[in-house]
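Each remark here refers to the structure printed beneath this line.
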Amino acid sequence: MKFGIVSFPGSNCDDDAVYAATETLGLPAVKLWHKSHDLEGSDVIVLPGGFAYGDYLRAGAIARFSPIMREVAAHAQRGGPVIGICNGFQIACEAGLLPGALMRNAGLQFLSMPVTIRVENTSTRWTALCTEGQRLTMPIAHGEGRYTVDATTLERVEGEGLVVFRYVDERGEATAAANVNGSLDNIAGVRNAAGNVVGLMPHPERALDPLLGSADGRVLFESVLAAVHA
Amino acid sequence: MKSFRVSVHIVPRKGLLDPQGKAVADALHTLGFHAVGDVHVGRHLVIETAASDAAAAEGAVREMCSRLLANPVTEDFEIAGVAAS
């Protein structure tokens with residue numbers, strides 16, 4: 001199994017994602033330049049964090065038109081696993097791979113801190129090895145992470161179980177205080193209907209080693225590994 | 001074909017929390033501008049484009065807004081002006 005990690009101009013977590021695949025899972029990974037039209041045989045695609053195109057216009061708005069995104073969309077359409085992390089989540093939403101959009105944090109501050117998220121849905125390629133209600137600690141680092149969606153789509157997102165992660169407190173409650181960026185319904189991550197595409201604002205690829213504060217991100221990568229081998 | 005300059009205002013959707021606008025409104029109140037109600041912070045774009053007439057130029061920019069310049073989930077747009085250039 002091979003990881004393909006998309007590098008946009010301004011991506012800055014692509015190396016972290018490569019590290020996650022190669023050092024943590026011991027799997028091959030290739031960086032895919034955004035101008036390429038070739039996924040180079042990648043089984044799993046990571047849209048990494050960063051500031052693709054300097055977040056010009058809106059975070060993710062320009063990146064979604066990069067040539068590689070057509071191939072990423074086709075891969076997703078075929079049921080191939082895709083994860084959008086932070087800026088990658090913003091790009092996936094702009095590209096229509098996931099419902100909703102990410103807006104400026106309610107408190108206007110860039111937030112760089114560990115958060116606790118609760119797994120709401122395990123019917124995805126990225127959370128299959130999690131248990132529902134499981135709490136994971138991972139860092140966030142974003143200025144525009146307030147998940148927003150129109151009322152009709154929110155009904156579908158909640159009704160069809162498309163919410164994958166919510167910000168919670170240490171007791172696992174989705175409180176207003178735990179909702180650090182003011183997201184609708186404490187939503188930290190969502191999936192598409194098929195469950196092969198997941199996006200989230202927290203960084204699982206930066207939570208792979210207890211030495212760095214948490215190894216809770218590993219279960220996402222182990223889940224996709226199990227899914228592809230299944 | 002003639003040249004036109006089309007101005008567009010893009011602002012956060014009505015009803016959505018606009019923390020930037022609120023922060024500016026609070027600052028204005030602090031300065032003594034107590035008559036100020038809501039403030040909305042958005043973007044102003046000026047697009048120079050060739051078109052057969054002003055209506056065509058506006059139509060093209062509307063399509064640009066729908067497809068790229070504004071996010072329909074979070075933003076509203078309005079054409080602020082179309083001028084021959």
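Values in this text are rule-based calculations from the coordinates and carry no lab data. Bear in mind the structure is a predicted one, so any value in this text is a computation, not a measurement. For neighbour counting, all protein chains shown are included, and Cβ atoms are generated from backbone atoms with ideal geometry for every residue, glycine included.
Structure above, values below:
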{"read-out": "Gap separating the Cα centres of segment A:126-196 and segment A:67-124, nearest whole Å", "value": "11"}
{"read-out": "Environment charge of A:V46, counting only residues whose C-beta is closer than 11 Å and scoring Lys/Arg +1, Asp/Glu -1", "value": "-2"}
{"read-out": "Helix-only CD estimate at 222 nm, as mean residue ellipticity for the protein assembly as shown, using -39500 (n - 2.57) per DSSP H run (n ≥ 4)", "value": "-6500 deg cm²/dmol"}
{"read-out": "Net +/- balance of residues flanking A:H37 in space, Cβ distance below 9 Å, scoring K and R +1, D and E -1", "value": "0"}
{"read-out": "Cα gyration tensor shape for the protein assembly as shown, rounded if a/c is under 1.5, else prolate or oblate", "value": "oblate"}
{"read-out": "Built amide H within the under 5 Å cut-off of A:V180, gap 5+", "value": "none"}
{"read-out": "Cβ-based net charge around A:T152, under 13 Å, with every Lys or Arg adding one and every Asp or Glu removing one", "value": "-3"}
